[in-house]
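Have a look at the structure below, then the notes.
What follows draws every value from the coordinates through simple rules; no lab data is involved. Computed from a predicted structure; not experimentally measured. Using ideal geometry, Cβ is built from the backbone for each residue, glycine included, and neighbour counts are taken over all protein chains shown.
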Amino acid sequence: MDFNLSEKQNMLRSSVREFSDREIEPFAAQIEKDGRLPDDLIAKLAGLGMLGMTAPQQYGGAGESNVNLVLAIEQLSYSGAGAWWLAAMNNSIPACMAHFGSEYIKARYVPPLCKGDGYASIQFTEDDTGSDPEALKTQAVPSGDRYVVSGAKRFITFGARDGYAMLFAKDEDGKCTAFVIEKNTSGYSADKTWALMGAGGIEATDVHLENLAVARDNMLGAKGKGFGVLLWWIAHEKVIQCAANVGMAQAATDEAVRYARSRLSRGKPIADMQGIRWMLGEMDSRLEAARWLTYRTAFLQDDLARDPGTDAAKAKLFVVPATISIVESARQVHGAYGYTREFKIERLCRAVLGATCIATSLELNKSIVGASVVR
Ligand SMILES: Cc1cc2nc3c(=O)[nH]c(=O)nc-3n(C[C@H](O)[C@H](O)[C@H](O)COP(=O)(O)OP(=O)(O)OC[C@H]3O[C@@H](n4cnc5c(N)ncnc54)[C@H](O)[C@@H]3O)c2cc1C
């Protein structure tokens, strides 16, 4: 068992962090104000090799390990802006398409997503459901060599950006089936973009599907087995979320240490007080545990024969509350200044909360882990 990162992995971490400090951090406030990522970010991330990292090389990916992916995401999220979501989507979705897709799907859709020629989306949630495939209302009706899809989707990250999406609908047998769709197609439109509490730049929109024609060849995985595709993708997305939260908790810890060293109380830095040191000590220990659980879970995901669901749920269940508590303590170290909008800690406080409810709520993860323990 070797817990050391290789030289290549350390270089990956520092190059992504340097990118984040240069290309994202200075624009983080503007991204939140606009609720939109800069249009050139996707090409820059592709240039850095940050898209399609785990997709197979023969389909334009880098064939990297899931550990390397989470190492990169951890550094990319350091600013607290939602830019890491773009990397999350254009990594997890091509990887999922490569895992479940036919040769046709792999050759046609995975390479452009790895190159940054299109924004990847996942389209499951609707107004009545975020987690229950039985409650889906979007219908896919067969018609010759196509399916005709009609319905509405909610909170679709990058739903309004051109590119390719994994779409989930009820087929003619009432079962959840997955398809790959091209967003820039007649019958597809996006309207409302939701104003979010944090992680600006996620660009979560509502999507309307009106007689959208989808070739049968675009079915992803077996007919009626779409929920399995969704669960596989969610398991990978959860570990990416954990990595992003670890990155933000590290940023919060760094902010708190910096503040505690410079803030004086009774003539001395508050960092000298035992109470503040206890807080920083607890934050640092939790951060270490959260980070290693994330790495370990990513490592397990490289074994494609292993069901990734329970491992990922366990990681999310620990890492998300732990990182929220770290960021909250870091805010408290800032005293009243932590409650203003002038300090980075405020952005981090809002951003870490996203993982409690996006790509499964914490409660559902408790149920998944609990069921596995009982089994
Ligand atoms: C910024 C953002 C981006 C998003 N991006 C996407 C996207 O790209 N694609 C997409 O498809 N969706 C996306 N979503 C949707 C998101 O994944 C869902 O909203 C999420 O899964 C929660 O579903 P819900 O809101 O319907 O919650 P509900 O299922 O209505 O849950 C509400 C509450 O009830 C609890 N609850 C519900 N069922 C159970 C249960 N069985 N056991 C215990 N507790 C339960 C939940 O824990 C929660 O506290 C996004 C959401 C946001 C906010």
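Hey, which of these cross-link pairs are over 23 Å Cα-Cα: 238/344; 33/344; 137/316; 137/223; 33/183?
Beyond 23 Å between Cα atoms: 238/344; 137/316; 33/183.
Relative to the Cα centre, what is the charge dipole magnitude of the range 7-117, using +1 at the beta carbon of each Lys and Arg, -1 at the beta carbon of each Asp and Glu, and rounding to the nearest 20 debye?
Charge dipole of the range 7-117: 240 debye, to the nearest 20.
Rounded to whole Å, give me the distance from the Cα center of the range 176-247 to that of the range 267-333.
Computed from Cα coordinates, the inter-centre distance equals 28 Å.
Cα to Cα, under 14 Å, and not fewer than 8 places away if on the same chain: which aspartates and glutamates meet these conditions relative to residue 366?
Candidates past the 8-residue exclusion: 311.
What whole-number volume per residue, in cubic angstrom, does the convex hull of the C-alpha atoms of the chain give?
142
Quick one: check the C-alpha center-to-center distance for the range 1-37 versus the range 90-116, whole angstrom.
Each part's Cα centre sits 24 Å from the other's.
Which net charge results when you count Lys and Arg as +1 and Asp and Glu as -1 among the other residues whose beta-carbon is under 13 Å from that of residue 284?
Charge balance in the 13 Å sphere: 0.
What FRET efficiency would be calculated for the residue pair residue 215, residue 39, taking the C-beta separation as r and a Förster radius of 30 Å, to the nearest 0.05?
Calculated transfer efficiency: 0.55.
Based on the Kirkwood radius over alpha-carbon pairs, what is the Stokes-Einstein translational diffusion coefficient of the range 227-374 at 25 °C with 0.890 mPa s viscosity, in µm²/s?
Stokes-Einstein gives a translational diffusion coefficient of 152 µm²/s.
What is the order of 319, 333, 214, fewest Cβ neighbours within 10 Å to most?
The fewest-first ordering by Cβ neighbours comes to 214, 333, 319.
Rg to Rh for the range 129-266: what is it, with Cα atoms only and Rh by Kirkwood?
1.16
Could you state the number of Å between the C-alpha centres of the range 65-79 and the range 129-148?
34
Quick check: from the Cα gyration tensor, does the range 7-117 come out rounded (a/c under 1.5), prolate or oblate?
Judged from the Cα gyration tensor, the range 7-117 comes out oblate (a/c at least 1.5, b/c at or above a/b).
Between residue 264 and residue 145, what is the FRET efficiency for a Förster distance of 51 Å, r being their Cβ-Cβ separation, to the nearest 0.05?
The calculated FRET efficiency here is 0.10.
State the extension gain, in nm to one decimal, for the chain segment bounded by residue 7 and residue 21, taking 0.36 nm per residue of separation less the distance between their alpha-carbons.
2.9 nm
Under a plain spin-label model, where a point goes 7 Å from the Cα along Cα-to-Cβ, how far apart in nm are residue 371 and residue 129?
Inter-label distance under the simple model: 1.4 nm.
For the range 276-320, report the translational diffusion coefficient in µm²/s to the nearest whole number, using Stokes-Einstein at 25 °C, 0.890 mPa s, and a Kirkwood Rh over Cα pairs.
Roughly 214 µm²/s, to the nearest whole number.
Once you list every other residue whose beta carbon is under 14 Å from the beta carbon of residue 250, what net charge do they have if Lys and Arg are +1 and Asp and Glu are -1?
Residues close to residue 250 contribute a combined charge of -1.
Please give every one of the aspartates and glutamates within straight-line cross-link reach of residue 268, meaning a C-alpha to C-alpha distance under 19 Å, and leave out same-chain neighbours fewer than 8 residues apart.
Candidates past the 8-residue exclusion: 255.
Quick check: pseudo-label points 7 Å beyond the Cα along Cα→Cβ at residue 289 and residue 65, how many nm apart are they?
Those two pseudo-labels are separated by 2.4 nm.
Report the full-extension gain for the segment residue 58 to residue 341: residue separation times 0.36 nm, less the Cα-Cα distance, to one decimal in nm.
Taking 0.36 nm per residue and subtracting the Cα distance, the gain is 97.2 nm.
What list do you get for 342, 126 if you sort them by fewest beta carbons within 10 Å?
342, 126
With label points built 7 Å along Cα→Cβ from the Cα atoms of residue 102 and residue 332, find their separation and express it in nm.
Spacing of the two 7 Å Cα→Cβ label points: 5.7 nm.
Quick one: net charge of residue 343's neighbours, Cβ under 11 Å, K/R +1, D/E -1?
Around residue 343, the charge tally is +2.
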